[in-house]
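In what follows, a structure is listed as structure tokens, so that the remarks can point back to it.
The values are calculated or read from the model by the stated rules, or taken from the named source; none is laboratory data. In this text, all values refer to a predicted model and were calculated from it rather than measured experimentally. Every residue, glycine among them, receives a Cβ derived from its backbone with ideal geometry; neighbour counts consider all protein chains shown. In case anyone asks, the SASA skips ligands and DNA or RNA and just uses the protein heavy atoms, side chains included. Shrake-Rupley method; radii C 1.70, N 1.55, O 1.52, S 1.80 Å.
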Amino acid sequence: MSTSLRTEAGPYFGDFGGRFVPESLVAALDELTDEYAIARQDPAFAAELMELHRSYTGRPSIITEVPRFAAHAGGARIILKREDLNHTGSHKINNVLGQALLTKRIGKSRVIAETGAGQHGVAAATAAALFGLDCVVYMGEVDTERQALNVARMRLLGAEVVPVKTGSRTLKDAINDAMRDWVTNVGTTNYMFGTVAGPHPFPAMVRDFQKIIGEEARQQVLDLTGRLPDAVTACVGGGSNAMGIFHAFLDDPEVALVGYEAGGDGAETLRHAATITKGRPGILHGARSFLLQDEDGQTVESHSISAGLDYPGVGPEHAWLASIGRATYLPVTDDEAMSALRLLSRTEGIIPAIESAHALAGTLDLGKQLGPDATILVNLSGRGDKDMETAGRYFDLLDKGAAQV
Amino acid sequence: MSTETGTHPTSGMTSTVEATIIRRRSEGGGALIGYLPVGFPTLTESIDAAVALAHSGVDIIELGLPYTDPVMDGPVIQAATQQALANGFRLRHGFEAVAAITAQVNVPVLVMTYWNPILQYGADRFADDLVAAGGAGLITPDLIPDDAAAWMGASTRTGLDRVFLAAPSSSDDRLRQAVDASRGFVYAVSTMGITGARGDVDSAARVLVDRLRSVGSTSACVGLGISTPEQVREILAYADGAIVGSALVKALADGGVPTLAALARDLAAGARDLRPASSAPTR
Ligand SMILES: Cc1ncc(COP(=O)(O)O)c(C=O)c1O
């Protein structure tokens, strides 16, 4: 490959990206863009972030080979990148530590965040506690109910959690309310966006804060197996854990990149969140990308058992990678994800987040296609603790009438 | 009105919106611009409500197209547009409403819309259909001139107005860009925030209009948070127009067309003669 795919820095990735926002936000986006451009050249910023990764998050995260799970995937070699072992339980911490450091540089005292599964909200509340920042997290009312444990975690960490009651009352509406807060309080407030979507500079900046996943994993797999993996897989909600692990491999054309979207009841039904598979280009939350929409350009509500993937949009860099054929995106249903969640739990003693279980389910299929000589690197983006209530109900694991008090 | 024309350098065609604003200015007041969403509480009632605005002294109608993700809107307009969507609002109802309103009253109708519905419809096709319906142009709250190439082309070709926003946080370069790109007027956002009535209109609005003047604006209208005749009068002392949204939507929601019309008449009185009864304006 003569040109590098790793140098894209926005605002556009091919036809995708941009800044479709109210003029009131442009000054803040410009400030963030400029401050980030300076910070990323500053060795002191990089050093401070690396030290936090090491002594607070527990990076580098390890890789774990899972042969008993792999036996169900046609015998392909499967290696997990263990972002579930990070402090706070997912990859989201990588991004918020970077953005919190940036907030400190800009001199703002309040941060806001949106959250779906609650993992980004928990990570944001954690970073806010660590840095002494005021923190407000917007969360759709539907999600505050299905991820009640994470609401409690955020509150314990000192954040205010605002249940969003408008629209579909999920992640998309939480982002709308966070944007409204930001427009109003932009003088004191930084918006710590949780994924690689939104207006420039978020897609490129969040990717940069997450690309450590793939940079570590690429070397770890080389050290373990002596060669690059045949495929790298991840679940795709907004797309941050997937961009994080894909990015280091973009210029390795022999490595297939596969993102698994939430297929809900099935991508052929109306209840799914398979944005790239079933959507078409349009604008949502400040960027041009694929989205689920009706004929009139109204955003359509997504559905997934996994709150973190229940989003009708996707980051513009993924839309671009799909459009140039560098990455492939496939749907995985609720049921497929849940059985992969149980399979990993029983074969390897690792309970994944339901989000990450989508990547595992897709990898079971991919392994059968690629055969026993293949090596597949899977991003295990988070752990399943937050999902025990959903899993308990799904698998009927809870004793009748038992209530936790 | 025949001799007063707001002509635009790039198209040479007259903007009826700008001409209306100039006429109101020359009469010693300023333009009152009233916002209502299409389809709230129903399509028919929203048309009747807009017609009532025109009969009650509103000079320019801003007709909002309901959208699922209205990031610039506060609770009142969100609730109204969400109801319109739940009632089955479709984009074609927007053209039907513009045509029905302009058939009944002689006021310019601007459509306020987030960008994705236009992008999906096709900017050129939308512009043609809006012209056919008798619409005057678009107000685009989430489209900045930087990313507006398709709309610049379609509006120039068809002579439609294009109203971009200017904010207190905008740099001088960005204000100049908004003024140069806009036609009809520039929408000066009174405060850092979203739509919704406020007790006081920010002093930031006056500063912003002064800054817009200094980069060449001859047609600057202030919106966000305006709800009373006193606020309209205060704003028109320095701006060319005052835009009222949430207060009108709330009046329509609370008391139907009669309550809406009564508020519009009061606001229009505030927009007419700006001189206090006893003395000349102090500035
Ligand atoms: C564990 C985990 N994985 C994945 C996601 C999806 O986000 P993204 O696609 O940005 O990685 C989430 C979001 O909450 C999550 O908690």
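Miscellaneous remarks
- Potential lengthening of the chain between A:E254 and A:E268 amounts to 1.9 nm, from the contour at 0.36 nm per residue minus the alpha-carbon distance.
- Net charge contributed by nearby residues that have their C-beta within less than 13 Å of A:T3 (K/R +1, D/E -1): 0
- Between the residues A:G107, A:N94, A:L130, the greatest Cα displacement towards the positive end of the dipole of segment A:85-148, with unit charges on the Cβ of Lys, Arg, Asp and Glu, is found for A:G107.
- Proximal charge balance of A:G118 [Cβ under 10 Å; K/R count +1, D/E count -1]: +3
- In the assembled protein chains, A:R280 presents an accessible area of approximately 90 Å² (probe radius 1.4 Å).
- Three-way shape call for chain A based on the alpha-carbon gyration tensor, with the a/c threshold at 1.5: rounded
- Net dipole in debye of segment A:1-139 [+1 Lys, Arg Cβ; -1 Asp, Glu Cβ; about Cα centre; nearest 20]: 580
- Note on A:T328 and A:E141: the extension gain reaches 64.1 nm, defined as 0.36 nm multiplied by sequence separation minus the Cα-Cα distance.
- Within a Gaussian network of chain B (alpha carbon springs, distance under 10 Å), most fluctuating of B:Q83, B:Q104, B:Q231: B:Q104
- Rounded FRET efficiency, nearest 0.05, which uses the C-beta distance separating A:R105 from B:V105 and R0 of 60 Å: 0.65
- Mean Kyte hydropathy of 0.5 or more with a Cα span along the axis of at least 20 Å, helices from DSSP in chain B: B:246-272
- By DSSP, the beta bridges lying fully in segment B:16-270 are antiparallel in about 5 percent of cases.
- Mean Kyte hydropathy of 0.0 or more with a Cα span along the axis of at least 20 Å, helices from DSSP in chain A: A:92-106, A:354-370
- Cβ-based charge dipole, segment A:145-224, positive-most Cα from A:T170, A:V206, A:W182: A:T170
- The distance separating the Cα centre of segment A:348-405 from that of segment A:257-274 comes to 16 Å.
- Segment A:252-303 shape via C-alpha gyration tensor axes, a/c threshold 1.5: oblate
- When DSSP beta bridges are restricted to pairs lying wholly in the protein assembly as shown, around 20% turn out antiparallel.
- Given their separation in residues at 0.36 nm each and the Cα-Cα distance between them, B:D180 and B:A237 gain 18.2 nm when the chain is fully extended.
- Note on B:D147: accessible area approximately 30 square angstrom, rounded to 10, probe 1.4 Å, nucleic acids and ligands left out.
- Once the C-beta distance of A:A9 and A:R68 is scaled by a Förster radius of 35 Å, the resulting FRET efficiency is 0.25 to the nearest 0.05.
- Most mobile of A:L377, A:L101, A:L360 in a GNM of chain A (Cα contacts under 10 Å): A:L101
- Student exercise, segment B:16-270 dipole from Lys, Arg, Asp, Glu Cβ charges, in Debye to nearest 20: 260
- Ordering B:Y187, B:I139, B:W115 by Cα displacement along the dipole of chain B toward the positive end leaves B:Y187 in first place; charges were set at the Cβ atoms of Lys, Arg (+1) and Asp, Glu (-1).
- Cα gyration tensor, segment B:16-270 - rounded (a/c under 1.5), prolate or oblate: rounded
- For segment B:144-177 versus segment A:120-152, the gap between their alpha-carbon centres in whole angstrom: 37
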